[in-house]
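Novice: I have a structure here, written as structure tokens, and I will follow up with some questions on it.
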Amino acid sequence: MARWEAVAPPTQVGSYTFNDGAVYLAMPGTLDHLFKALGLDRNRLLPLRRISAIQSTTLPDGTIVDIGTGPEIAILSARGVEATARLQAELSDFLRKWEPTLRFFAHDIMVHPLSLPHLLAKGWRHLAKLRGTVASHLNSSFSSEAARAAFGGALLYAGAPPDKMPAASLLGLVSMLLEGYFLPEGGMGRIPEVLSDSVQAQGGIIHLNSAVRRILVKNGRAYAIEVENEGVIEVDAMISTVSAMQTYGSLLSECDVPPRMLRKVRRAPLSHKGFVLQLGLANKIAARSHTNCVLPWLGEQSQVFQASGDMRWPIYTVPTVTLPELAPNGGSIVEMFPSISQEMAPDDWNEARKEDVAAQAVEVLRRDHEIDIAVSRILSPKEFQDGAHLYAGALYGISPVAGPAALFKHRTPIRGLYQAGQTTWPGFGVVGAGLSGVFAAETLIRDESL
């Protein structure tokens, strides 16, 4: 077994350990299921630390909503004590309604290859809840305008405002409130390190700086890969973990791809592009939570995705609130996520443009915090496209709001070639991408043993 990949940007910059993708882990039980499927002891190999202060949201009237571990939420305002008490009662009803649906999807649907008959047979009682949008459910469940805005803001990672998100996206909020978020000890970079070590311990060989240029097909079967600096290597079967759009659109010759698949690639609803400014500070920043944001009210949160010179709606994480050891003693790490134009192509992000956005973000941060920048790293859509190999710089490949029908199957139309990663079931995220690899491998083994 061998694995070919190009090197992603390093997570270590000086004495600071930056994230290399996701900014937290959700659904810890599903993560444990993934490691068990791989025959690995997650507790031993990847110990997690709970994020005790998940999110702090400041709203236009100055109200602050703090979300702690589990459903510990406080509204800080002139009548905050009364509003918090009312919210706790409403939150209890909300979680009682949605917890069974979360358990069904997390423990039954996500951890198996998608089967619509199974979903309909076992999940029909949950499907009625999934009508409407995130915004419509938040409006009907919570009387506090501040709480609605904070909860909607907790889901903006999907790349769409709450009034455009399907109700199923609420399961991410329910998971956060019931189970919390976590960070691996040592930082998010520990996840690929643990998995790579496990592959090598089983005799697998990982080739770095070895980009796959072409997948070669003969008589309808993928039989070899053309690897940079290594030439043509014949294989019995292969799993592509880049996006399906790259697999079908660039790694394969067009003549080897069925026309219907080319149409699906062209019509694929891409997720949003992102910009990340990572700062290693020599001082400790006074942050309230892991995620800190200034947001508009729920019905106006489309503004968050509109690029503006004043960066009115800043969002940033401070992983050293939970893992202070990611920075030198007395230091801290901040990761900022400025809104950018979604129309700009990744290749148009030159150094001057990147530095301009980064400078604006730093000035926004300085409004509220004293910061002494020791090191920094900028990840624009160009870095996500060229360094992380994300198709067109789209963070998740397929938009999370597009639904399962937009995803690609693990078994491709070409014999011997299988697809995994965020553009296949169960979709985006660390656990989703990991489970997709398990499903693709199981499909390969079944097919090749026939």
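The values are calculated or read from the model by the stated rules, or taken from the named source; none is laboratory data. Everything numeric here is computed off the predicted structure, so don't read it as measured data. Heads up, the Cβs are rebuilt from the backbone with ideal geometry, glycines too, and the neighbour counts pull from every protein chain shown. Accessible surface is based on the protein model in full, side chains and every heavy atom, while ligands, DNA and RNA are left aside. Shrake-Rupley method; radii C 1.70, N 1.55, O 1.52, S 1.80 Å.
Novice: When you scan the stretch 345-358, do you find a residue that is touching a Lys or Arg at 6+ places or on another chain (Cβ under 7 Å) and open to solvent by 40 Å² or more (accessible area, probe 1.4 Å), even just one? Talk me through it step by step, then tell me what you get.
Specialist: Just the residues of the stretch 345-358 that are touching a Lys or Arg at 6+ places or on another chain (Cβ under 7 Å), to begin with: 346-347, 349.
Right, trim to open to solvent by 40 Å² or more (accessible area, probe 1.4 Å) and you get 347.
Within the stretch 345-358, one or more residues are touching a Lys or Arg at 6+ places or on another chain (Cβ under 7 Å) and open to solvent by 40 Å² or more (accessible area, probe 1.4 Å).
Novice: Just one of (1) farther than 30 Å from residue 410 by Cβ; (2) assigned to a helix (DSSP H, G or I); (3) open to solvent by 30 Å² or more (accessible area, probe 1.4 Å) trips up residue 255, so point out which.
Specialist: Result: residue 255 passes all but (1).
Novice: Determine which single condition residue 306 fails, assuming it passes every other condition in (1) open to solvent by 50 Å² or more (accessible area, probe 1.4 Å); (2) under 17 Å from residue 53 (Cα atoms); (3) under 21 Å from the mean Cα position of the chain (by Cα).
Specialist: The number of the failed condition is (2).
Novice: So if I check each of 315, 371, which one is touching a Leu at 6+ places or on another chain (Cβ under 6 Å) and open to solvent by 10 Å² or more (accessible area, probe 1.4 Å)?
Specialist: Working: 315 fails: touching a Leu at 6+ places or on another chain (Cβ under 6 Å).
Unique residue meeting the criteria: 371.
Novice: What is the one condition in (1) more than 21 Å from the chain's Cα centre (by Cα); (2) open to solvent by 60 Å² or more (accessible area, probe 1.4 Å); (3) of a type outside the set (D, E, K, R); (4) closer than 23 Å to residue 314 by Cα that residue 88 does not satisfy?
Specialist: Failing condition for residue 88: (4).
Novice: From the list 388, 359, which one is of a type in the set (Gly, Ala, Ser) and not in a loop (DSSP other than H, G, I, E, B)? First the steps, then the outcome.
Specialist: Values: 388 fails: not in a loop (DSSP other than H, G, I, E, B).
Just one listed residue meets the conditions, 359.
Novice: Can you tell me which residues in the stretch 138-170 are under 17 Å from residue 98 (Cβ atoms) and open to solvent by 20 Å² or more (accessible area, probe 1.4 Å)?
Specialist: The answer is 139, 140, 141, 148, 166, 168, 169.
Novice: Give, as residue ranges, the helices (runs of 4 or more DSSP H) completely inside the stretch 70-181 that count at least 1 residues that are among the hydroxyl-bearing types (Ser, Thr, Tyr) and over 26 Å from residue 335 (Cβ atoms). It would help to see each step written out before you state the result.
Specialist: Values: elements: 80-104, 116-127, 134-141, 145-153, 170-179.
Because the criterion is at least 1 residues that are among the hydroxyl-bearing types (Ser, Thr, Tyr) and over 26 Å from residue 335 (Cβ atoms), the helices (runs of 4 or more DSSP H) in the stretch 70-181 that meet it are 80-104, 134-141.
Novice: When the residues of the stretch 214-245 are filtered to those that are among the β-branched types (Val, Ile, Thr) and in a loop (DSSP other than H, G, I, E, B), which remaining residue is nearest to residue 446 (Cα to Cα)? Don't jump to the end; show me each part of the working.
Specialist: Taking the stretch 214-245 as the starting set, the residues that turn out to be among the β-branched types (Val, Ile, Thr) are 215, 217, 225, 227, 232-233, 235, 239, 241-242.
Then drop every residue that is not in a loop (DSSP other than H, G, I, E, B), which leaves 235, 241-242.
Details: 235: 17, 241: 19, 242: 22 Å.
Among those that are among the β-branched types (Val, Ile, Thr) and in a loop (DSSP other than H, G, I, E, B), it is 235.
Novice: Test of understanding: among 384, 408, which residue is under 26 Å from residue 237 (Cα atoms) and either at pLDDT 95 or above or buried (at least 23 other Cβ atoms within 10 Å of the Cβ) (or both)?
Specialist: On the way: 384 fails: under 26 Å from residue 237 (Cα atoms).
Among 384, 408, only 408 is under 26 Å from residue 237 (Cα atoms) and either at pLDDT 95 or above or buried (at least 23 other Cβ atoms within 10 Å of the Cβ) (or both).
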